[in-house]
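**Student:** Take a look at the following structure, please.
The values are calculated or read from the model by the stated rules, or taken from the named source; none is laboratory data. What you see is a predicted model, and the numbers here were worked out from it, not measured in a lab. So basically every Cβ, Gly included, is an ideal-geometry build from the backbone, and we count neighbours across all protein chains shown. Accessible surface is based on the protein model in full, side chains and every heavy atom, while ligands, DNA and RNA are left aside. Shrake-Rupley method; radii C 1.70, N 1.55, O 1.52, S 1.80 Å.
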Amino acid sequence: MTAKQTIEAGKAILGIEFGSTRIKAVLIDEQNKPIAQGSHEWENQLVDGLWTYSTEAVWYGLQDCYAELRKDVQRQYDCEIESLAAIGFSAMMHGYMAFNDKAEILVPFRTWRNTNTGKAAAELSQLFNYNIPLRWSISHLYEAILDNEEHVSDIKYLTTLAGYVHWQVTGQFVLGVGDASGMIPVDPATKTYDATMVGKFNQLIAPKGFSWQLLDILPKVLVAGENAGFLTPEGAKKLDVSGHLKAGIPVCPPEGDAGTGMAATNAVKQRTGNVSAGTSSFSMIVLEKPLTKPYEMIDMVTTPDGSLVAMVHCNNCTSDINAWVGLFKEYQKLLGIPVDMNELYGKLFNAALEGDADCGGLISYNYVSGEPVTGLSEGRPLFVRSANDKFNLANFMRAHLYGAIGVLKLGNDILLKEENVKVDRITGHGGYFKTPGVGQRMLAAALNSPISVMETAGEGGAWGIALLAGYMANKQGLNLADYLEKVVFGGNTGTEIAPTADDVAGFNRYIESYKRGLAIEQAAVDNK
């Protein structure tokens, strides 16, 4: 079928992901190729000291994103979306959305970005003997209990952003296992919330006398491939205000952006991994067995089909590089030279390849915000050098590219060196890899591992959740890993770059200086 025929026959599949700065919709055909897209830009707001998006912004953004998709379909194919083979919703993981028995939100959505949950996360980590990150839903819930927030006694439903949108358009209060694993830990054997930890939490809060226990308020957990409900007539109107989209479309389990990143990079099989590097960065490696002990800088989540994943999540990645490139843009304008940002990024990134393997002693701390992995509560972007360091453009750019993935290396060194985790393939995606071969080579040096990049990786999480929706509709008797490997990617593993011994040794020298210099970063936080 042509793309137009696929859409008119109702056989296209829709994936929508709520990212931190953009809501994106991708329509794919029966060969899993993107055929149309729409997007909506949005920003979080700081309200009463907490980062949030209003529910009004959620629905306006979703509707505007879908309207842009409709326009793209009309412009390209001169037809209307009436029905679809499947839909999937995804969103930034974690955070806190609590509702009463009338499905009214009790406090503004608390996003993953909030770090007010330190006491709760520390107590729960000790109670469970399991690393519980600040941004997880259980941390937010327990912090609200510790802070004696009045709304807690009225909670009837607790979910994530993806779970909320899915619930409202299908009537089903469910969550994909990957997203659920960012609420409270999931047992890979049962593929639902860890029963022992749920019991410990209920005992912990029992003196409070709430009318609910934890499982009463959490969504039901589903794995990839299961049907998670159908678009209701009300849901169809919430999505498509023009009224053309029909109800009854099957919807796959809602997932977090970690799970969609795994799907989009064909990294759900054990011994595979991926690195997403953009505004923030995170790496995920699918484990063959649990780690020997909990680590504060490593989060344990799951693939969309329930396999255990070790995640290193870093709050900062390319924002400081973007700021410096903006400075070069201003300089170019000052000289009266027309600015092509793609060309500017490409030339500066490629200049880094000419730098010394250890950046000539230069160090970059890209901490626009705090970085929990290195224990920094706030961020101060810093460029550090001594008088005798080799200060030139190539080393300057290389230091910033190294600095963007420095924290990522620290976390992965634990996995690859201390825990001796085996990984056959790591795939990179995100803006850090946009200039061919450059970020890929830097990451290969950092992790001392070959790094692959696929052309399709740039399609992102909306494509990833569309693939998961397609899997639900068209499993062909395959498990998720084999479906992605054989049906979606057809054995294509992308373009691989292996690390060189000089680059690895250079990055190791850089990271030792980086670790010693963290005291400088801490001093900057303490004194400004």
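**Student:** Determine if the range 119-127 includes at least one residue that is in a loop (DSSP other than H, G, I, E, B) and open to solvent by 20 Å² or more (accessible area, probe 1.4 Å).
**Tutor:** No, the range 119-127 has no match at all.
**Student:** Oh, and also: Can you go through Trp51, Trp59, Trp136 and tell me which one is under 19 Å from the mean Cα position of the chain (by Cα) and either farther than 26 Å from Gly261 by Cα or open to solvent by 10 Å² or more (accessible area, probe 1.4 Å) (or both)?
**Tutor:** Among Trp51, Trp59, Trp136, only Trp51 is under 19 Å from the mean Cα position of the chain (by Cα) and either farther than 26 Å from Gly261 by Cα or open to solvent by 10 Å² or more (accessible area, probe 1.4 Å) (or both).
**Student:** Mind listing just one residue for me: the one in the range 434-457 that is in contact with a strand residue (DSSP E or B) (Cβ under 7 Å, 6 or more places away or on another chain) and open to solvent by 20 Å² or more (accessible area, probe 1.4 Å) and, of those, farthest from Gly346 (Cα to Cα)?
**Tutor:** The qualifying residue farthest from Gly346 (Cα to Cα) is Pro450.
**Student:** Let me ask something else about it. Can you work out which of the residues in the range 293-330 that are open to solvent by 20 Å² or more (accessible area, probe 1.4 Å) and free of Cβ contacts under 8 Å to residues at least 24 places away in the same chain is farthest from the chain's Cα centre (by Cα)?
**Tutor:** It comes out as Glu330.
**Student:** Go through Ser386, Ser364 for me and flag whichever is open to solvent by 20 Å² or more (accessible area, probe 1.4 Å) and touching a helix residue (DSSP H, G or I) at 6+ places or on another chain (Cβ under 9 Å).
**Tutor:** Sole residue among the options that is open to solvent by 20 Å² or more (accessible area, probe 1.4 Å) and touching a helix residue (DSSP H, G or I) at 6+ places or on another chain (Cβ under 9 Å): Ser386.
**Student:** Please tell me if Leu335 is more than 27 Å from Ala505 (Cα to Cα), more than 27 Å from the chain's Cα centre (by Cα), open to solvent by 30 Å² or more (accessible area, probe 1.4 Å) and not β-branched (Val, Ile, Thr).
**Tutor:** The answer is yes for Leu335.
**Student:** Could you count how many residues in the range 71-110 are touching a Ser or Thr at 6+ places or on another chain (Cβ under 7 Å), outside any strand (DSSP E or B) and either modelled with pLDDT under 95 or open to solvent by less than 50 Å² (accessible area, probe 1.4 Å) (or both)?
**Tutor:** 5
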